[in-house]
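The values are calculated or read from the model by the stated rules, or taken from the named source; none is laboratory data. None of the values given here were measured: they were computed from a predicted structure. Positions of Cβ are generated from backbone atoms using ideal geometry, with glycine treated the same way; all protein chains shown enter the neighbour counts.
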Ligand SMILES: CC(C)(COP(=O)(O)OP(=O)(O)OC[C@H]1O[C@@H](n2cnc3c(N)ncnc32)[C@H](O)[C@@H]1OP(=O)(O)O)[C@@H](O)C(=O)NCCC(=O)NCCS
């Protein structure tokens, strides 16, 4: 797949984010499950994660402030948005789509929207999808939001999963660009045979909710951590290296690696493979844990002020499905300009 230099690309022109106030620390987890702060830090890099505690609040309630930040920054009205793509595995409801609920809550009356389910790779897949809408010339303002309220599907008696995940939302605005910046290339992959290692057993059409499924704790995220870890290390590193190679980029060309924040050891393995030092990697896993679809945009949100027009970013993710991928973004603006 060759890139056509003269075509319109989709540029990220604004970033917004939201994390809930409540901090679930490793210390607090020590009082909930048989674990230690030391184990969690050294095995994952996580120190705390944010949890949406308020009753009656859902994923859309985190996506809304993230998107509203973008509207404020760009001084645009919600009615200007053409499309909202919401990447999530924790939708407010099975249906309708959380994107529709978000559109209603922010007043995006001219937008259509849909949810995209690709677990931890959801934001990357949604970014490519949104970019295609812009590149085709059909739409000019697409919101891509990654949001997950992982605390709604985590078993807080299972130390294998409850130490990892947190809640949060991150969003970007995509607009057309003709100056060579934007989303320049993507390699996206999925392999459904990996579904056995990371999934939710019940609540879908295969096993609808019942008293039995609730008692068997089948509405929680199930993960075989060791296996997922092995696939993640290889998958994320391979696809990132492939992306660089086919675009004739070397590590010196890359300003930032923006990796999915699942485990610091997976991040380090990817960075090592493409020859990047720690100071070129966005790492905020210590503050938020794994927020699934929100990790990548939350990195962009935290680092926005340091990004400069023309910076080459490699976004990389791996997650349930299995799904994985890497995307080359040439940053489109100086944030503090
Ligand atoms: C989950 C994960 C952190 C576990 O780390 P690990 O190094 O693989 O740990 P293991 O499962 O091999 O367990 C090692 C030991 O620590 C123990 N352990 C597991 N969780 C623990 C915890 N929270 N606290 C203390 N000990 C724990 C295990 O019981 C095991 O003990 P044993 O050796 O006596 O049997 C790691 O596998 C991981 O990050 N996996 C991938 C996560 C991921 O990418 N997820 C999805 C992508 S979105």
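Pick from 194, 170, 182: which is closer than 25 Å to residue 116 by Cβ, buried (at least 18 other Cβ atoms within 10 Å of the Cβ), within 14 Å of the ligand (Cβ to nearest atom) and touching a residue at least 24 places away in the same chain (Cβ under 8 Å)?
194
Sort out which residues of the stretch 10-59 are within 11 Å of the ligand (Cβ to nearest atom), surrounded by 21 or more Cβ atoms within 10 Å (Cβ to Cβ) and within 21 Å of the chain's Cα centre (by Cα), and write them in order of number.
Result: 44, 46.
Which members of the stretch 114-140 meet the condition of being part of a loop (DSSP other than H, G, I, E, B) and either free of Cβ contacts under 8 Å to residues at least 60 places away in the same chain or crowded, with 20+ Cβ neighbours inside 10 Å (or both)?
Listed by number, the residues that qualify are 117, 118, 136, 138, 139, 140.
Here are the criteria: (1) at pLDDT 95 or above; (2) crowded, with 24+ Cβ neighbours inside 10 Å. Tell me which single one residue 270 does not satisfy.
Checking residue 270 against (1) at pLDDT 95 or above; (2) crowded, with 24+ Cβ neighbours inside 10 Å, the one that fails is (1).
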